[in-house]
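Heads up, the thing below is written out as structure tokens.
All of the numbers you see were taken from the coordinates with simple rules; none came from a lab. Remember, predicted model here, so these are calculated numbers, not experimental data. Glycine gets a Cβ as well: all are built from the backbone with ideal geometry, and neighbour counts include every protein chain shown.
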Amino acid sequence: MMKLGDGPMTGNPGGADPRPLAIEARGLVKRFEGFTAVDGVDLTVPEGAIYGILGPNGAGKTTTLRMLLGIIEPDAGIRRLLGTDRPHEVAHTVGYLPEERGLYPAMKAYEAIGFLGALRGLPLAEGRRRGKELLEEHGLGYAIDRQIRQLSKGMAQQVQLLGTLVHNPRLVVFDEPFSGLDALNQGKLERMMRGLAEKGTTVIFSTHVIAHAERLCDEVAIIAGGKVPFAGPVDVARDRIRPQVRLETRAHEGSWRQALPGDARHEGTHWYFTLPESGIEPLLRALIEGDAGILSLSIERAGLHDAFVAIAGEAAARALEQDKEEMR
Amino acid sequence: MTSPHHTGRLSTLAAALVVARRDFTAILFSRSFFFFLLGPLFPLLVGSLAGGIGQKVKMSVERPILGVAMSPADTDAMIRAQKALADQLGPAMPSLLVVRELKPGEQFDAVAELKSNRANLAAIVTGTPLKPVLTGPQDRIADWQGRVGMLAARAAGDGPMTFPAVGLNSVATSKADQTQSRVLTAQIGQTVLFLLTMLLAGMVLSNLVEEKGNKIIEVLAAAIPMDAVFLGKLFAMLAVSWVGISVWALVGGAVWYGAGHSLADYAAPAVGWPTYFGLGVIYFSLGYLLLGSIFLAIGSLATTVREVQTLSMPVTMLQLLNFFFASFAMAMPGTWVEKAAMIVPFSSPFMMLATAAQHEGLWIHLVTIAWQVLCVALLVRAGAAMFKKRVMQSGPAKVSKTRFWQRRAPDSAEVTGDPATP
């Protein structure tokens with residue numbers, strides 16, 4: 001495995017983000033019996049950011065997170081978590097909610113939270129006390145003394161989520177946190193994640209639902225086939241696609257039509273095309289001079305979904321849609 | 001969630017104790033633990049019942065009941081003589097039961113009486129004390145002939161009437177006797193150690209199945225080193241075993257002591273009883289951790305309880321092999337076999353406990369204990385590494401069965417990966 005230099009880590013290499021990095025990964029590779037699950041992944045997550053890893057099932061999201069957390073070792077590449085390449089050294093400042101949730105069924109809810117805290121170095125009694133408080137705060141006070149086996153799947157998931165946060169971690173890693181939650185609890189979780197980031201906690205999560213990433217993330221990594229074709233701010237991802245122009249004209253024919261870009265397509269009175277590199281002003285001038293009779297004109301910035309399609313390819317986008325359907 | 005907490009990085013040992021505490025309390029407060037405690041008491045109960053019955057049978061065989069059919073005066077004399085001699089000779093003297101007091105001139109058919117055998121008699125004495133006749137099975141009456149003769153002599157007034165008190169002057173056993181007796185103590189110690197290890201270490205096999213089934217293994221693996229998970233599980237099971245052993249020892253010891261046994265029945269081990277028991281505790285713990293670390297590693301690779309059950313048989317055979325090796329080595333003192341049994345980590349605890357029974361030196365125990373601790377650490381680390389490599393991965397759910405020349409290169413645009421575990 002390569003070794004990182006001793007220089008200070010700062011966010012967004014090549015970019016302007018001066019924040020120190022919570023996570024840095026360079027060229028991570030993981031193979032399983034001839035199958036390359038992760039193939040040269042690079043990630044940089046600034047401290048205090050909400051960072052999304054976006055990709056369909058099987059893209060390598062969980063394997064990447066597991067390598068970052070030290071659950072499995074990479075076959076090649078380097079990873080640094082909160083300044084160290086030995087993740088267990090900073091485990092007491094990290095929280096992790098795995099995709100496959102799991103608690104001991106015989107434990108009571110507050111005991112489970114206390115135990116998860118104890119694993120992260122919080123004294124057991126303190127963790128249990130905080131567990132009771134957290135359950136009360138989140139409207140689960142009635143479940144404090146209930147065994148995990150007596151709770152619904154969704155409630156058990158919330159208990160585990162609270163256990164992930166009981167020790168006030170600096171970095172929280174969620175693997176598909178929204179799966180298995182109803183819309184109401186998805187909203188609650190989004191608010192909780194924003195709250196964590198506001199307090200300075202770094203949040204990194206994987207998802208195959210673009211809407212969550214679009215609403216929450218400062219930065220995303222798009223992962224497909226074990227590779228990361230894009231990692232950076234959401235705005236930069238969206239800017240990978242030129243904005244789309246929708247034009248409505250009174251006239252159907254005229255010299256102005258020669259000024260439209262080559263990809264322009266016509267539907268009724270509307271024209272759709274990508275904003276030209278030269279900007280909108282030269283086009284507007286040509287339309288006015290050519291007497292096109294502009295009825296309406298709008299420029300729409302591309303969404304993250306379009307960016308994902310453009311970056312990861314149609315196949316990945318189709319897989320993403322399939323995953324969403326299966327989730328429903 | 002705003003108040004600051006003082007969390008600190010856990011050492012491997014501290015992390016292991018978190019896991020151990022959880023496992024220990026979970027097992028101790030489970031209903032099945034009660035049955036775990038009761039389990040070995042059943043064989044103890046059955047054993048003591050069987051022993052009691054056996055003892056009774058043995059006593060009845062060793063102390064037969066002989067019928068007496070003589071004149072009333074002779075019968076009285078025989079009974080008095082039996083009582084007097086039984087006080088001196090104990091169980092060696094047969095019991096007497098009056099079959100019939102014969103009138104003068106009355107004939108008595110002892111053979112017919114024995115055939116009917118209403119009183120379950122071993123033989124019948126007839127005639128007179130001066131001329132007794134013993135009727136019974138040929139192979140038995142020869143044994144009782146002398147004792148019946150002594151009875152009759154006493155009844156006739158010819159035997160000793162008083163018995164002087166005999167002063168006792170004991171001497172230490174010879175070196176050869178002592179060595180022989182200590183071999184027995186060593187064998188008993190080895191066997192007890194083996195039985196306890198076999199009974200208890202096998203439980204470790206299924207120890208990670210729960211975590212794998214509950215998916216909590218990933219939470220553990222992310223928070224603490226896998227070595228700590230393994231060590232914690234071993235510590236917990238060892239503690240559970242000690243609770244069990246303490247209960248069994250208390251109950252079994254009380255029954256054993258109540259039955260009139262004591263340690264004085266056995267030759268004291270060379271290192272003395274307290275040190276021997278202390279070493280027994282240490283060697284059980286180390287033997288348990290050594291075998292347990294192997295079982296835990298093997299069991300961790302199993303995905304279902306059924307697989308664990310399948311694995312338990314070869315594992316038991318492995319334990320037997322160790323025991324036989326250590327027993328064999330004990331019979332070959334001073335040879336390379338004995339040294340090998342001390343060095344091979346899995347037979348070392350058995351061998352060293354036997355050594356403690358036979359030899360006084362303690363330094364060799366310090367060396368082997370250090371060696372065994374090192375082996376436990378290495379085995380735990382190796383087991384954890386294997387588990388991490390073989391189990392904690394999210395590789396493809398199924399490996400392609402197609403031959404390499406039939407595989408096609410993946411389309412670069414195609415999304416690859418395992419659909420179950422991204």
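Ignoring everything except DSSP H segments at least 4 long, calculate the 222 nm mean residue ellipticity for chain A; use -39,500 (n - 2.57) per segment, divide by total residues, nearest 500.
-10000 deg cm²/dmol
How much FRET efficiency would the formula 1/(1 + (r/R0)^6) give for residue A:75 and residue A:263, where r is the Cβ-Cβ distance and R0 is 56 Å, rounded to 0.05?
Here the calculated transfer efficiency is 0.85.
Give me the three principal axis extents of chain A from the C-alpha atoms, as integers in angstrom, largest value leading.
Extents along the principal axes, in whole Å: 79, 48, 39.
Peptides B:79-89, A:49-59: what's the order by average Cβ count within 10 Å, highest mean first?
In descending order of packing, they fall as A:49-59, B:79-89.
If a paramagnetic tag sat 7 Å from the Cα of residue A:149 along the Cα-Cβ line, which residues of region B:196-230 would have the backbone N under 13 Å from that point?
B:214
How far apart, in nm, are the 7 Å Cα→Cβ label points at residue A:125 and residue B:256?
4.0
If you project the alpha carbons of the protein assembly as shown onto the principal axes, what extent comes out on each, in Å, largest first?
Result, largest extent first: 162, 61, 55 Å.
In nm, give the distance between the simple-model label positions of residue A:215 and residue B:317, each being 7 Å from the Cα along the Cα-to-Cβ direction.
For residue A:215 paired with residue B:317, the spin-label model returns 6.0 nm.
Which parts of region A:202-227 would a label at residue A:179 reach, counting a residue when its backbone N lies under 12 Å from a point 7 Å out along Cα-to-Cβ?
Answer for this model: A:206-209.
I need the helices of chain A that pass two filters: whole DSSP H segments spanning 30 Å or more by Cα along the axis, and mean Kyte-Doolittle score no lower than 1.6.
Details: long enough: none.
Counting only whole DSSP H runs, no helix qualifies.
With +1 on each Lys and Arg Cβ and -1 on each Asp and Glu Cβ, and nothing else charged, work out how big the dipole of region B:61-155 is about its Cα centre, in Debye to the nearest 20.
The calculation lands at about 80 debye.
Starting from the Cα of residue B:263, move 7 Å in the Cα-to-Cβ direction to define the label point; list residues of region B:354-381 whose amide nitrogen is under 18 Å from there.
B:354-362
Below 8 Å, C-alpha to C-alpha, sequence gap of six or more: please give me the relative contact order for chain A in percent.
With pairs under 8 Å counted, the relative contact order is 19 percent.
Grab the eigenvalues of the alpha-carbon gyration tensor for region A:67-122, scale each by 5, take roots, and send me the semi-axes largest first in whole angstrom.
Gyration-tensor ellipsoid for region A:67-122: 26, 14, 7 Å.
Any idea what the relative contact order of region B:176-390 is, in percent, if you count C-alpha pairs under 8 Å spaced at least 6 apart? Before the final figure, lay out the partial values.
On the way: 225 pairs, mean separation 81.0, N = 215.
RCO, region B:176-390: 38 percent.
Mind checking which aspartates and glutamates have their C-alpha under 13 Å from residue A:61, skipping anything on the same chain fewer than 8 residues away?
A:39, A:42, A:99, A:175, A:176, B:418
Net charge near residue A:294, counting Lys/Arg +1 and Asp/Glu -1 over other residues with Cβ under 9 Å of its Cβ?
0
Figure the gain on full extension for residue A:295 and residue A:318 (residue separation times 0.36 nm, minus the Cα-Cα span) and round it to one decimal in nm.
Fully extending the segment from residue A:295 to residue A:318 adds 4.7 nm.
So, R0 is 25 Å and r is the distance between the beta-carbons of residue B:9 and residue B:301; what FRET efficiency does that work out to, to 0.05?
0.25
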